[in-house]
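The values are calculated or read from the model by the stated rules, or taken from the named source; none is laboratory data. Computed from a predicted structure; not experimentally measured. Reconstructed Cβ throughout: ideal geometry from the backbone, glycine too, with neighbour counts over all protein chains shown. With ligands, DNA and RNA removed, areas are computed over all heavy atoms of the protein, side chains included. Shrake-Rupley method; radii C 1.70, N 1.55, O 1.52, S 1.80 Å.
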Amino acid sequence: MQANFVISLGNKSQVPIISFSATSPSLTSLKSPYFFRAAQSGSFQVNPIRDIVEEFGWREVVPIYIDNLFGETLIPYLTAALQEINIRVPYLSAIPESADDDLIAKELYKLMNNQTRVFIVHATMPLGYRILGKAEEIGMMSEGYVWIMTDSMTTLWRSIDSSAINALQGILGVKSYVPKPKELENFTVRWKRKFQSDNPNVNAEMNIFGLWAYDATFAVARAVENAGTANLRFNRTNISGSGATDLETLGVSQNGPRLIKELSKINFTGLSGDFHFVNGQLESSVFQIVNVNGKGERRVGFWTPQSGLVRDWKSTNTSAKSSSKPKLGPIIWPGDTNSVPKGWKIPVEGKKLKIGVPVKDGFTEFVKVTWDSNSKKAKSIGGYCIDVFDAVMLKMPYPVPYEYVPFATPEGNAAGSYNDLVDQVFYGIYDGVVGDITIVANRSLYVDYTLPYTESGVSMLVPVRDNNKKNAWVFLQPLTSDLWITSGCFFVFIGFVVWVLEHRINEDFRGPPAHQVGTSFWFSFSTMVFAHREKVVSNLSRFVVIIWCFVVLVLTQSYTASLTSLLTVEQLQPTVTDINQLLKRRESVGFLSASFVKDMLLGMKFDESHIKKYGTLEELHDLFTEGSAKGGISAALDEIPYIRLFLSKYCGKYTTVKPTFKTDGFGFVFPKGSPLAADVSRAILNVTQGDEMQKIHDKWFNNATCPDFDPTVSSNSLGLESFWGLFLIAGVASISALIIFAAMFLYEQKHVLFQFYPENSVWRKVRTMSRIFDQKDLSSHTFKKTEPRDASCHCSVHSIGAYGSSTNTNCPPSPSVGSNQIDPSDFVFLVEQGSVTGSPDIPPSPERSSIEFADYSHGQ
């Protein structure tokens, strides 16, 4: 307050104001160009304090500060720095400067009854000493407590009476570090000699404030010298009236602006170290961490803006933050112990922990509250979750007194949802919550969970129906529709391939068109039962048929096994297999009352009118029985522990289907930053890894088993995805055989293609080649064995088509032609011997000497 007043005078008179002791961070906000802080701002020390708390893993801190502007201005900076590393500040203890010992003791007793044991004291030395002295008196300087002093107290603590030093034993302190060159040592000796001569009865030592005062004076002297003393006058202010005060008559300095410039340029190495102003104040420098022991203090480490906490000054240039070595030296804590305090303790002298438990009508195997009918008070609280928590508390390394408090109205009904129950911990009404509380993300923003002690997941529960009905079309069910269609297409395709490969060389695949189509289909489809009687003579055909028979074998065996299962095994199929079906049909879905699952359903775009709640197993069964059409439900979304309990009672009537939504299971709830959460989590591991957890489970869910429970029910029909590899192999083999056959056939008939005149159309060439393909390949070994040709018969695959009847009776008629006449323009002349002249289509060939004519109308 003094600094604010003096700074306002400096602004009015344009005279620079330099302070070596005003460390309050609030002065920075004034942004006065005439104010120079020849000291470090108090806000610079919050980072060293934060790093000390982080180094020892303390999770909660309580600041104790003087209730005035000096104390209040530092607290926002301190709490913000602690919250950056998730350190919880559960309480702020403000003590007035005029407080008597009784008021101080009352405040300290309040702190003693809380679990936090780490305290940061920020006060003037007179009040700070009284607080620490009273703390020692009531036992708060014993083992397990941590006390940290801020810069102002650490710098001045030596000034107190030596008889009162016992109250400071084991305390940590933070203060600015000043190197001690020879100049400082010589100055200190000279100053102490001078001070003692002037004050023989006072024992004092030079501290950082004295060094800043010396350097500030030196800086002012240098600035005045540089600015000059030629113009040191003030311009007087004309104020009329007898009521004017002396402050109102202050003049304006003519040399002030010049002094500001010179002070801003000051840069030298003073007794306190580097001395220069940055934005009107000294820069943050190195802090030292000290530990009060005996009648003095012992330095245990340093803090630098670049490296944070370091043990030795020489190591500040190394990567100290990444080092695994201790960042501070050995510390003797309150209670004269070297063991690092945990930073918290369950107060045995205080109240028990209030553990909230949910109140519910159904699923009481998890939590069951029994009420006294007369007093309307809880007579007993039990259940699976309660027994697990009791077992965990017995595994704790220290005793934890607690009591269960039902979250209920005076009438004994539930006082709200599970979210409301968890909020009670955030508001400080309960110290924890035990029950079937699911670990979800939005709740973890306000409270801390322990490790889960149950399995996790949210699944969809649906009724099942017996699919093993006397259905005339049950034989179609083993395969899906896409597999039926694909199989049929491949049967037709394989028949076509075999016909192409066998048509010219196999009598079984020749004849009228209807006969050929029927034979091809008969051959292909008869492979299903391996009853095909037609022989295949082409090696390509045999290759295709062998692969196709293997595909058919796999298909038929799979079909037989699936059909057998459908007809002989009880087929319980879910009535709904996908949650999207419920959305499309606008059917209703259920959820457990007060559960977070409702928010999940709303997030899936379910209309709130289609969401039904239930509270007991019986209510859920009744909703399923009514069905969605009659006001019931078609499915329910619930957590797996509840589903298992439900299925144990209605085994065989319901099942679960995918998807299963991931959750983290049930956990215990504690306040944000509570150290209990970590210790309880470790105790949970000790319980779950032993046989005690199984005993508790058997006690409450001994009969809660259902052999038919399967969370992954899906369709029993075989789909194309299981056989596409086989079809791919058969398809590639068949197409490869066709390509090889076509290449061989065109190569054999290349003389026909190349001997046409160029003016003949492509379509005419195609028709000609198709007619040749339709003829027997008498050069094949099959016809050589069965149809020996007469020497006078020259009918062959290279025969010539001519209009009219054949006069050669030795050549048998072709069975493959279905009409008796063809267009005369389609005559084909092939030269075998000699040459032909005058033919409109084929040029003469010197390599042939005779001509044969094949009458297509008679199949020759």
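Go over the candidates Ala594, Ala683, Ala677 one by one and state the one that is outside any strand (DSSP E or B) and in contact with an Asp or Glu (Cβ under 6 Å, 6 or more places away or on another chain).
The match here is Ala677.
Yes or no, residue by residue, for (1) free of Cβ contacts under 8 Å to residues at least 12 places away in the same chain; (2) more than 27 Å from the chain's Cα centre (by Cα):
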site: Leu566; (1), (2): no, yes
site: Pro574; (1), (2): no, yes
site: Leu582; (1), (2): no, yes
site: Ser588; (1), (2): no, yes
site: Ser595; (1), (2): no, no
site: Leu601; (1), (2): no, no
site: Met604; (1), (2): no, no
site: Ser609; (1), (2): yes, yes
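Look through Ser19, Ser13, Ser32, Ser43 and report the one residue that is closer than 30 Å to Pro675 by Cα and either more than 49 Å from the chain's Cα centre (by Cα) or of a type in the set (Gly, Ala, Ser) (or both).
Just a single option satisfies the conditions, and that option is Ser43.
Listed residues Val422, Val367, Val392; which is open to solvent by less than 20 Å² (accessible area, probe 1.4 Å), at pLDDT 85 or above, within 30 Å of Met140 (Cα to Cα) and not acidic (Asp, Glu)?
Only one candidate qualifies: Val392.
So which residues in the stretch 137-175 are within 18 Å of Met206 (Cα to Cα), open to solvent by 10 Å² or more (accessible area, probe 1.4 Å), touching a helix residue (DSSP H, G or I) at 6+ places or on another chain (Cβ under 6 Å) and touching a residue at least 60 places away in the same chain (Cβ under 8 Å)?
Those that are within 18 Å of Met206 (Cα to Cα), open to solvent by 10 Å² or more (accessible area, probe 1.4 Å), touching a helix residue (DSSP H, G or I) at 6+ places or on another chain (Cβ under 6 Å) and touching a residue at least 60 places away in the same chain (Cβ under 8 Å): Asp151, Lys175.
Is it the case, given these coordinates, that Gly144 is within 18 Å of Asn293 (Cα to Cα) and part of a loop (DSSP other than H, G, I, E, B)? Even if it seems obvious, please write down each step before you answer.
Details: within 18 Å of Asn293 (Cα to Cα): yes; part of a loop (DSSP other than H, G, I, E, B): yes.
In short, yes.
Kindly list the number of the only condition in (1) in contact (Cβ under 8 Å) with a residue 24 or more places away in the chain; (2) more than 26 Å from Glu721 (Cα to Cα); (3) open to solvent by 20 Å² or more (accessible area, probe 1.4 Å) that fails for Asp482.
The single condition Asp482 does not satisfy is (2).
Exactly one of these conditions fails for Ala39: (1) assigned to a loop (DSSP other than H, G, I, E, B); (2) open to solvent by 30 Å² or more (accessible area, probe 1.4 Å). Give me its number.
Single failed check for Ala39: (2).
What number goes with the only condition from (1) at pLDDT below 90; (2) crowded, with 17+ Cβ neighbours inside 10 Å that Trp333 does not pass?
All conditions pass for Trp333, except number (1).
Of all residues in the stretch 355-405 being in a strand (DSSP E or B) and among the hydrophobic types (A, V, I, L, M, F, W, C), which is nearest to Gly435 (Cα to Cα)?
Per the stated criteria, the residue is Val357.
Considering only residues of the stretch 735-760 that are open to solvent by less than 30 Å² (accessible area, probe 1.4 Å) and under 19 Å from Gln775 (Cα atoms), which is modelled with the lowest pLDDT?
Looking at residues that are open to solvent by less than 30 Å² (accessible area, probe 1.4 Å) and under 19 Å from Gln775 (Cα atoms), I get Val752.
Pairs please, first residue from the stretch 645-662 and over 16 Å from Thr575 (Cα atoms) and in the same structural domain as Leu617 (by the TED database), second anywhere and among the hydroxyl-bearing types (Ser, Thr, Tyr) and surrounded by fewer than 17 Cβ atoms within 10 Å (Cβ to Cβ), Cβ atoms under 7 Å, 6+ apart in sequence or on different chains.
Close Cβ pairs satisfying both conditions: Ser648/Thr705.
Does Phe70 satisfy being aromatic (Phe, Trp, Tyr), buried (at least 17 other Cβ atoms within 10 Å of the Cβ) and part of a helix (DSSP H, G or I)?
Considered against the rule, which asks whether it is aromatic (Phe, Trp, Tyr), buried (at least 17 other Cβ atoms within 10 Å of the Cβ) and part of a helix (DSSP H, G or I), Phe70 comes out as yes.
Which of (1) surrounded by fewer than 16 Cβ atoms within 10 Å (Cβ to Cβ); (2) within 25 Å of Tyr34 (Cβ to Cβ); (3) of a type in the set (D, E, K, R) does Arg258 not meet, given it meets every other one?
(1)
Please indicate, with yes or no, whether at least one residue in the stretch 42-60 is open to solvent by less than 50 Å² (accessible area, probe 1.4 Å), part of a strand (DSSP E or B) and out of contact with any Cys (no Cβ under 9 Å at 6 or more places or on another chain).
Yes, some residue in the stretch 42-60 is open to solvent by less than 50 Å² (accessible area, probe 1.4 Å), part of a strand (DSSP E or B) and out of contact with any Cys (no Cβ under 9 Å at 6 or more places or on another chain).
Among the residues of the stretch 697-734, write down those that are more than 30 Å from Leu566 (Cβ to Cβ), at pLDDT 85 or above, surrounded by 15 or more Cβ atoms within 10 Å (Cβ to Cβ) and over 32 Å from the mean Cα position of the chain (by Cα).
Within the stretch 697-734, Trp700, Ala733, Ser734 meet the criteria.
Show the residue pairs meeting these rules: Cβ distance below 6 Å; 6+ apart or different chains; first residue within the stretch 442-457 and not assigned by the TED database to the domain that holds Glu639; second residue open to solvent by 30 Å² or more (accessible area, probe 1.4 Å) and of a type in the set (A, V, I, L, M, F, W, C).
Sorted first by the residue in the stretch 442-457, then by its partner, the pairs are Tyr446/Phe426; Val447/Phe426.
Could you please find all residues in the stretch 97-114 being assigned to a loop (DSSP other than H, G, I, E, B) and either modelled with pLDDT under 90 or open to solvent by 80 Å² or more (accessible area, probe 1.4 Å) (or both)?
So the first thing to find is which residues in the stretch 97-114 are assigned to a loop (DSSP other than H, G, I, E, B), and the list is 97-100, 113-114.
Matches in the stretch 97-114: Glu97, Ser98, Asp100, Asn113, Asn114.
Does Val536 meet the test of being β-branched (Val, Ile, Thr), open to solvent by 10 Å² or more (accessible area, probe 1.4 Å) and touching a helix residue (DSSP H, G or I) at 6+ places or on another chain (Cβ under 8 Å)?
Yes.
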